[in-house]
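The values are calculated or read from the model by the stated rules, or taken from the named source; none is laboratory data. Just so we're clear, the structure is a prediction, and the values are computed from it rather than from any experiment. Note that we place each Cβ from the backbone using ideal geometry, even for glycine, and neighbour counts take in every protein chain shown. Side chains included, ligands, DNA and RNA excluded: accessible areas come from the protein's heavy atoms. Shrake-Rupley method; radii C 1.70, N 1.55, O 1.52, S 1.80 Å.
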Amino acid sequence: MTKTFDHGGGVRSVQVPIPDNPLGHTLVYVVDTGRGPVLVDTGWDDPASWDVLVAGLAACGTGASEVYGVVVTHHHPDHHGLSARVREASGAWVAMHEADAAIVRRARETRPERWYAYMADKLAAAGAPEEHIAPLRGARGRRTLPGLSPALPDRDVVPGELLDLPGRRLRAVWTPGHTPGHVCLHLEEDHPARLAGRGRLFSGDHLLPEITPHIGLYEDPDDATVTDPLGDYLDSLERVGRLTPAEVLPAHQYAFTDAPGRVRQLLDHHEQRLAGLLALLREPLTPWQLAERMEWNRPWADIPYGSRNIAVSEAESHLRRLVKQGRAEPLAGSEPVAYVAV
């Protein structure tokens, strides 16, 4: 059954399902404008998800052919997946921050075997056992890889600027961390229920009411720049907290208030996690060994193959933060590189 919700003030949401994913759905927001609805994200590229989005738009009193534009908070397939179908149905523009648009272009241009080789090399450098890496080495001959043909956006989301929503004031706020080009969108209008605060914030995956977004590494097979995604995320959290929106409209779960309070919780969570990792790093550990020892939502033995790759990436992002802070360092001569608390 299609679920929609009227948030008031010309903003509605549609729950678009994510196949075989514990998150369940993406909240696609439908924002009324003087030129037709603008969508914030579109949901996963799946026939059943498309059918739900179409039915949801009809329940909101509009249709896919009426969409004026699509603003994508970030490039992940549960947000950007259906953008191409919406554009085909309506001629709508699709906007995304340049940093994530670059990832979309790279995904379309890079051969699948290049991605498999890159992933295998990264895991080997992180200390993954050969039996974990072997399936990637054996997959290099495959011609396809999921998510390699996302829609190319045709407009940039420029941080600090108002987007092209006639009759509305929607300003882009750059919030890197979950991805390098993640953006939140600040609706600079009085809250329809007159809640205290400054408008409403479409927060994508940056700020969620009950869960913390994955903060891994920014992946680029052709760029060896050492980035600090967790540092980016923590800085972005503080930036959003200072906005003090009356209400947050996230891409998952449900709308909530007290953004500064939620920001404090997340800042505290990551500081506690960094402190816990320092305790583990009393002995030298590779990123893989650290991931094995970190606390997850289930025992390491029960974490499936693909999720282990994500976990190692998250361990590495925390390691990079600790190294940048001078709280940990690589152990000279270790191969693969192990890290130890300072």
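Shown in residue order for the stretch 103-112 are the 3J(HN,Hα) couplings computed by the Karplus curve 6.51 cos²θ - 1.76 cosθ + 1.60 at θ = phi - 60°: 5, 4, 4, 5, 4, 6, 9, 8, 5, x Hz (x for Gly and Pro).
Rounded to the nearest 10 degrees, the angle from helix 47-59 to the longest Cα principal axis of the chain is 30 degrees.
In square angstrom, what is the accessible area per residue of the stretch 159-215 with a 1.4 angstrom probe?
Working: 2140 Å² over 57 residues.
I get 38 Å² per residue for the stretch 159-215.
Charge tally for E189 (other residues, Cβ to Cβ under 12 Å; Lys, Arg +1; Asp, Glu -1): +2. The convex hull built on the alpha-carbon positions of the stretch 62-146 has an orientation-averaged projected area of 7.1 nm².
If you average the sequence gap of Cα pairs under 8 Å that are 6 or more apart and divide by the length of the stretch 291-342, what percent do you get for the contact order? Display every interim value, and only then the final one.
Details: 29 pairs, mean separation 11.5, N = 52.
Answer for the stretch 291-342 is 22 percent.
Between E161 and Y118, what is 0.36 nm times their sequence separation minus the Cα-Cα distance? Round to one decimal in nm. Please list the in-between numbers first.
Working: separation 43, 0.36 × 43 = 15.48 nm, distance 3.58 nm.
Going from the current span to full extension adds 11.9 nm.
Against the chain, whose longest principal axis comes from its Cα atoms, helix 259-280 is set at around 10 degrees.
Only Lys, Arg, Asp and Glu carry charge here, each on its Cβ (+1 for the first two, -1 for the last two); on that basis the chain has a dipole of about 160 debye about its Cα centre.
Taking every DSSP beta bridge with both residues inside the chain, roughly what % is antiparallel (nearest 5)?
Working: 27 of 40 bridges.
Taking every DSSP beta bridge within the chain, about 70 percent pair in antiparallel fashion.
Solvent-accessible area of the stretch 261-342 (1.4 angstrom probe, protein heavy atoms only): carbon and sulfur portion equals 50 percent.
Each residue of the stretch 334-342 was assigned a 3J(HN,Hα) from its phi angle through the Karplus curve 6.51 cos²θ - 1.76 cosθ + 1.60 (θ = phi - 60°); the sequence is 6, 8, x, 5, 9, 10, 9, 5, 8 Hz, with glycine and proline shown as x. The H on the amide N of H252, modeled in the peptide plane, is under 5 Å from the matching H of L27, each at least 5 residues off or on a different chain.
Taking the protein heavy atoms of the stretch 124-240 in the context of the full set of protein chains, the accessible area attributed to carbon and sulfur is 50 percent at 1.4 Å.
Could you list the trypsin sites (Lys or Arg not before Pro) in the stretch 284-342 that lie in coil according to DSSP, counting only those with at most 16 other Cβ atoms within 10 Å of their Cβ? The partial results should precede the final answer.
Details: sites: R293, R308, R320, R321, K324, R327; in loops: R327.
Filter output for the stretch 284-342: R327.
Determine, from the Cβ-Cβ distance of E88 and Q272 and an R0 of 45 Å, the FRET efficiency 1/(1 + (r/R0)^6), rounded to the nearest 0.05. Rounded to the nearest 0.05, the efficiency is 0.45. Taking Cα atoms only, the orientation of helix 305-324 departs from the longest principal axis of the chain by about 80 degrees.
Hey, any idea what the orientation-averaged projected area of the convex hull of the stretch 97-235's Cα atoms comes to, in nm²?
On the way: hull surface 44.4 nm².
Dividing the Cα hull surface by four gives the mean projection, 11.1 nm².
Just to be sure I understand: if I project the alpha-carbon convex hull of the stretch 273-342 onto a plane and average over all orientations, what area do I get in nm²?
Working: hull surface 18.0 nm².
Averaged projected area of the stretch 273-342's Cα convex hull equals 4.5 nm².
In the chain, taking the dipole from charged Cβ atoms about the Cα centre, the farthest positive-side position among A172, A224, W44 is held by A172.
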